[in-house]
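Heads up, the thing below is written out as C-alpha cells.
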Amino acid sequence: MIITRIELENFRSYGEAEITPPTSGLTLVQGSNGAGKSSLISAAVMWCLFGDSPDGVSVKELRRQGSPDGEPTSVSVTLNADGREIMVYRALKGKNLTTIAEVTVDGTPMTEVKSGAATAFVEGLLKVDATGFKTAYMVQQKSLDSMVKQTAASRKKTIEKLSGVEKLASAVDSARSDARAAQKYSASFDSDGDGISELQNKVAEASQSLVDALTDHSEASGRHERRSTALKEVQSELRETESAARSAIARNAEHSNLETQLSNLQVRAQKGEGLLADAEKKLDTAQKNATEMHDLWEWPDSSVGTTDLSEENQKIGALRAERTNLMASLEELDKDGADSCPTCGQKADVEHIRSETREKLDLVVKDGKDLAAKIEESKKKNEIATKILSADKALRSEEHEVKRTKETLDSVMEEIAKIESQLGESSLVEYDEETLKALADKEKELSAEADQAAKIASDEQSRVSAAERDMATAEAQLSSALENESKRKAAINEYETSAALAGALDRFRAQRLASLAPSLSESASEYLVTLTEGSLTQITLTDDFEPMVTAANGSTRPVAMLSGGEESLVALSLRLAIGDEVISGEGSLLVLDEILGALDEERRALVTKTLRDLGRQVFLVHHGDTEFADEVYTVTPGPNGATVQAG
C-alpha cells in the first residue's frame, strides 16, 4: 500500500494543501513546532480513510478557524493497494458540519453515503481497520518510547494488542462465555426426551377420539338431512295446497264482493231514476216560466237585454239644474226696476232678455219631459229583461241537472252490466280443508323430528370440536416437547462446539505467543544491527516480552541500562518488527512521526539512511536532516492557513 496524493482544504491549520509524494524512498515533512506537520500526514490520512480524529480533538475542531462560510472542510487521499487505485474523499459540510464521504476505485465511484458506511467500505478494500493501520503503517514518538519504558506486564499487553494476539484472547473468552451460556441453556430444559413417547401416545388417543366423534357426527348429520328432506317435501306440498286454498278463498271473496257491488249499484240506479224524474219536472216548470217571461217582452225590434241609464240620468240632472237657473233669472227680471242682465250685470234690454229666457226655459222643460219618459221606458225594459235572463238561467241550470243526472244513471247502469257480466263468468270454488289440516299436522311432526335430529347433530359437533381441541392440545404439547428437545440438543451441540473452539483458540493463542517472541526477536535484531552499525547485534524477548540486548562484544544487558538514543533504536527496531508481523510484508507504506528526538545527529543520519534503504514509502515527520530524503515538504504557517512547499 502506497499513497500517491493527499489534498487538504480548511483542515486543522491548513487552508489549501496538496502533496504528491514519491512511491518509494524517504519523504521528509519538516516545519516549526505547531506548524501542522503531523496534521498533514497522520491526522489527515487517519480521518480521511477511517473517520478517526486525533485524541482529544472534536469534529468541530477539525475545521480551520476562520474558514470562509460555504467552503467545506475536506481531505482527499489517493493510494494504490492490491493493484487498484483507491481515492477516498471525506468532508464536513453545512452549518451542522455533517460528515460525507465518497470512495472511487479505478475511477469508478463505489459509494456516496454517510461516513460510517464509507469507513466500513474502505476497511474492506484495505483489509485493515484504524487500529490495524496505526500498528502496521504508523509509528509515533509517544508509542515508540512506551515500547521499552513500560512495565513488563504493560509491554506484554501492548505487544499482544499490536500483534493481534489480544484479539485471540478476546475470542477465547467469547467462545468460553458462549459455551457456558449454551450449557446453562441446555440445563434449563426439564425433559431429556423420555416424555415424548408418552405425548405421542396421547396424540394417537386424541386422534382416535376425533375419528370416532367425526363418525358419530356424520351419522347424526345424515339423519338430520333425511328428516329435513322429508320436512321440505311436506312443506312444499303444504304450500301448494295452501296456495290453492288461498286462491279459492280469494276467488269466492271476489265473487261475493261483486254481488255486493251489484246490489249497491242497483240501489243507486233506483235512486238515480227518482232523481231524474224530479229533475225533468223542474225542467218543465223552468221552460214554462221562461216562455211566460219572453211573452212579456214588448219590443220585437230589440234583443232582450238591460240598458245602462247612467248617461241619461246625468243628462236629466243637467236639465233640472239649467231649469233652476233659468227660473232664478226670470225672477230677477220680473222684479220692479230691473234694467240689467242678471247673468253679466250689464245694462241691457230686459224685455228681450226675459223673452229669450222664457223660450229657453220652455225648451229645457220639454227636453226634460221627453228624457224622463225615455228613462221610464228603459227602466220597464230593464225590469222585464232581468226577469227573462233569470228565467233563462234557471232553465239552463235545470237542463244541466237533467243531463248530469242522466249521465250518472247511465254510468251506474254500465257498471251494473259490467258486474253482471263478471258474475256470469265467476263461480264459487270449493277446497279440501281435511287435506290441508292433515298436511299441517304432518309438517308439525316432521319439524319436531328434524329439530331433534339437529340437536343430536349439534351435540355430536360439540364432541368433534372438543376432540379437535384435545387433538390440537396434544399436538401442541408434542410439538413443544420436540422443539424443546431440539433446542436442548442444539444447545448441547453449541456448548460442545464453543468449548472445542475455545480450546482450539486457546491452544493457537499459546502457540502464537510462544512463536511471537522468537519471531519478533529475529526481525528486530536485523533492524537493530543496521541501525547501530553492528554495535548492538541482537534483541532477545523473554516470555514476558522483556527485551534483552546483546552488544558486539557478546555482553547482554536489559534495555534500561542503555543510553537514551540506544533505547530509541531498540524501540524502533521492535516497532518495525511488529509492523512486519502484522502486514506480513504486504505493504510498503511507513509513517514515522517525530521519532528521532532522542538521537544525536550521527544516529539520526544513520536512521534516515537506513529508512531510505528499506525499499518502502517512508514518511518522516522531523526537523531538518534532509541529506538522505528523496523529497522534502516544508510546512509554513500563514494568515490564510498553513501551506506546503516541495523542495
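The values are calculated or read from the model by the stated rules, or taken from the named source; none is laboratory data. Bear in mind the structure is a predicted one, so any value in this text is a computation, not a measurement. Quick reminder, even Gly has a Cβ in these numbers, built from the backbone with ideal geometry, and neighbours come from all protein chains shown. Accessible surface areas use protein heavy atoms only, side chains included; no ligands, DNA or RNA. Shrake-Rupley method; radii C 1.70, N 1.55, O 1.52, S 1.80 Å.
Projected onto planes of every orientation and averaged, the convex hull of the alpha-carbon atoms in the stretch 445-542 covers 11.7 nm². The H on the amide N of V29, modeled in the peptide plane, is under 5 Å from the matching H of L620, V621, H622, Y633, each at least 5 residues off or on a different chain.
Picking from Q287, N257, L238, whose Cα lies most toward the positive end of the charge dipole for the stretch 235-294 (charges on Cβ: Lys, Arg +1; Asp, Glu -1)? It is Q287.
Reachable lysines from K379, Cα under 17 Å, same-chain residues fewer than 8 places away excluded? Correct list for K379: K315, K369, K387. Peptides 70-82, 460-472, 256-268 ordered by packing proxy, namely the average of other Cβ atoms within 10 Å per residue, highest first: 70-82, 460-472, 256-268.
In debye, nearest 20: dipole of the chain around its Cα centre with unit charges on the Cβ of K, R (+) and D, E (-)?
On the way: 76 positive and 113 negative charges, 657 e Å.
So the dipole magnitude of the chain works out to roughly 3160 debye.
Each eigenvalue of the Cα gyration tensor of the stretch 466-518, multiplied by 5 and square-rooted, gives one semi-axis; in descending order these are 50, 5, 4 Å. Ranking L590, S67, A44 by how far each Cα lies toward the positive end of the dipole of the chain (charges on Cβ) leaves L590 at the top.
Placing R0 at 45 angstrom, the Cβ-Cβ distance between E602 and V105 gives a FRET efficiency of 0.50 after rounding to 0.05. Counting only lysines at least 8 places from K418 when in the same chain, those with an alpha carbon closer than 30 Å to its own are K271, K403, K406.
What a 1.4 Å probe finds exposed on the stretch 1-137 is 46% carbon and sulfur by accessible area, rounded to a whole percent. Given the alternatives (1) 156; (2) 589; (3) 199, volume of the Cα convex hull per residue in Å³ as computed for this entry is given by (2). Taking 26 Å as the straight-line reach from the Cα of K455, the lysines in range (excluding those fewer than 8 positions away in the same chain) are K232, K442, K444.
Here the spin labels are modelled as points 7 Å beyond Cα on the Cα-Cβ line, and at L423 and E483 they lie 8.9 nm apart. Compared with the alpha-carbon gap, the fully stretched path from K60 to A504 is longer by 155.2 nm at 0.36 nm per residue.
Placing a pseudo-label 7 Å from each Cα along the Cα-to-Cβ vector at D451 and S390 gives an inter-label distance of 8.5 nm. Eigen-decomposition of the gyration tensor built on the alpha-carbon atoms of the stretch 204-328 gives equivalent ellipsoid semi-axes of 103, 31, 8 angstrom, largest listed first. Calculate, in whole percent, how much of the Cα-Cα pair population of the stretch 499-542 lies beyond 18 Å. Tail of P(r) above 18 Å: 45 percent of Cα pairs.
Checking every one of the GluC sites (Glu not before Pro) in the stretch 398-444 against DSSP loop status and a limit of 16 other Cβ atoms within 10 Å picks out E430. Highest average first, the peptides 93-101, 499-507 ordered by how many other beta carbon atoms sit within 10 Å of their residues are 499-507, 93-101. If R0 is taken as 60 Å, the Cβ-Cβ distance between E331 and E280 corresponds to a FRET efficiency of 0.30.
Where nothing but the Cβ of Lys and Arg (+1) and of Asp and Glu (-1) is charged, how large is the charge dipole of the stretch 356-459 around its Cα centre, in debye to the nearest 20?
With Lys and Arg at +1 and Asp and Glu at -1, about 1700 debye.
As an equivalent ellipsoid, the stretch 501-615 spans semi-axes of 27, 18, 11 angstrom, where each value is the square root of five times an eigenvalue of the C-alpha gyration tensor, largest first.
Its residue count N sets the reference 2.2 N^0.38 Å, and the alpha-carbon radius of gyration of the stretch 243-389 equals 2.57 times that reference.
Rounded to two decimal places and with Rh computed the Kirkwood way over Cα pairs, what is Rg over Rh for the stretch 70-138?
Across the stretch 70-138, the Cα-based Rg/Rh ratio is 0.99.
Accessible area per residue for the chain is 57 Å², calculated with a 1.4 Å probe on protein heavy atoms, without ligands, DNA or RNA.
In order along the stretch 362-372, the Karplus-derived 3J(HN,Hα) couplings, from 6.51 cos²θ - 1.76 cosθ + 1.60 at θ = phi - 60°, round to 4, 5, 5, 5, 4, 4, x, 5, 4, 5, 5 Hz, and Gly and Pro are given as x. On the basis of the beta-carbon distance and an R0 of 56 Å, K444 and A117 show a calculated FRET efficiency of 0.10.
Please work out how much length the chain gains when fully extended from T556 to E414, using 0.36 nm per residue of separation minus the C-alpha to C-alpha distance, in nm with one decimal. Present the calculation step by step, with values, prior to reporting the outcome.
Values: separation 142, 0.36 × 142 = 51.12 nm, distance 15.37 nm.
Contour length minus the Cα-Cα distance gives 35.8 nm.
Listed values for the stretch 403-414 are Karplus-derived 3J(HN,Hα) couplings in whole Hz (6.51 cos²θ - 1.76 cosθ + 1.60, θ = phi - 60°), namely 5, 5, 5, 4, 5, 4, 5, 4, 5, 5, 5, 5, and x replaces Gly and Pro. Check which residues have an amide H placed less than 5 Å from A642's amide H, if you skip close sequence neighbours. The list, which skips near neighbours in sequence, is Y14, G15. Rounded to whole numbers, the Karplus 3J(HN,Hα) couplings from phi for the stretch 10-23 are 6, 9, 6, 8, 9, x, 9, 8, 8, 9, 10, x, x, 7 Hz, using 6.51 cos²θ - 1.76 cosθ + 1.60 with θ = phi - 60°, and x at Gly and Pro. Distance between the pseudo-spin-label points of T215 and E433 (7 Å out from Cα toward the beta carbon): 5.4 nm. Extension gain for the segment E273 to E468, taken as residue separation times 0.36 nm less the Cα-Cα distance, is 61.4 nm to one decimal.
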